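One structure is given below, encoded as structure tokens.
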Amino acid sequence: MTLPEGIKKFGTDAACQAYLFSQHWPDGLACRRCDGRRYWTIQPSDRTAPLYECVGCHWQVSVRAGTIFHRTQVALSM
Ligand SMILES: [Zn+2]
């Protein structure tokens, strides 16, 4: 799936992010450092994709990491 196809398919950032989240972490997000299951959602003002930060060790991951959306500066839906 290409980026424009993804945008067309999901329509909204929230729907696209929910899809990416479920693809990344079908069993929920687990921290790669401490295996923690609790995390904050951070919405940086200068990025379009949220970050997830582990409550226990402050490990951060973007839902875009490793996806077609990684490193793009394009909003998930325009
Ligand atoms: Zn952690």
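Quick note: the coordinates plus some simple rules give every number you see, no bench work behind them. As the structure is a computational prediction, the values presented were derived from the model and not from experiment. Note that we place each Cβ from the backbone using ideal geometry, even for glycine, and neighbour counts take in every protein chain shown.
Under the rule of at least 5 residues apart or a separate chain, name every residue whose amide H is placed under 5 Å from the amide H of residue 55.
Distant-sequence amide H within range of residue 55: 38, 39, 40.
So for the pair residue 13, residue 30, with labels modelled 7 Å out along Cα→Cβ, what separation do we get in nm?
3.0
Computed FRET efficiency, Cβ-Cβ of residue 23 and residue 43, R0 25 Å: what is it to the nearest 0.05? Numbers along the way, then the final one.
Details: r = 20 Å, r/R0 = 0.80.
Using R0 = 25 Å, I get an efficiency of 0.80.
For the residues 24, 58, what sequence is obtained by ranking on other C-beta atoms within 10 Å, fewest first?
Numbers: 24 16, 58 12.
Going from least to most buried by this count: 58, 24.
Rank these for me by crowding, 63, 55, going from fewest to most other beta carbons within 10 Å. Write down the numbers at each step before the final one.
On the way: 63 25, 55 13.
Listing 63, 55 from fewest to most nearby Cβ atoms yields 55, 63.
Arrange the following residues from fewest to most other Cβ atoms within 10 Å of their Cβ: 34, 54. It would help to have the intermediate numbers written out before the result.
Numbers: 34 13, 54 21.
Ranked by crowding around the Cβ, least crowded first: 34, 54.
Under 8 Å for C-alpha pairs, at least 6 residues apart: give me the relative contact order for segment 3-62, rounded to a whole percent.
Details: 59 pairs, mean separation 12.8, N = 60.
After rounding, I find 21 percent.
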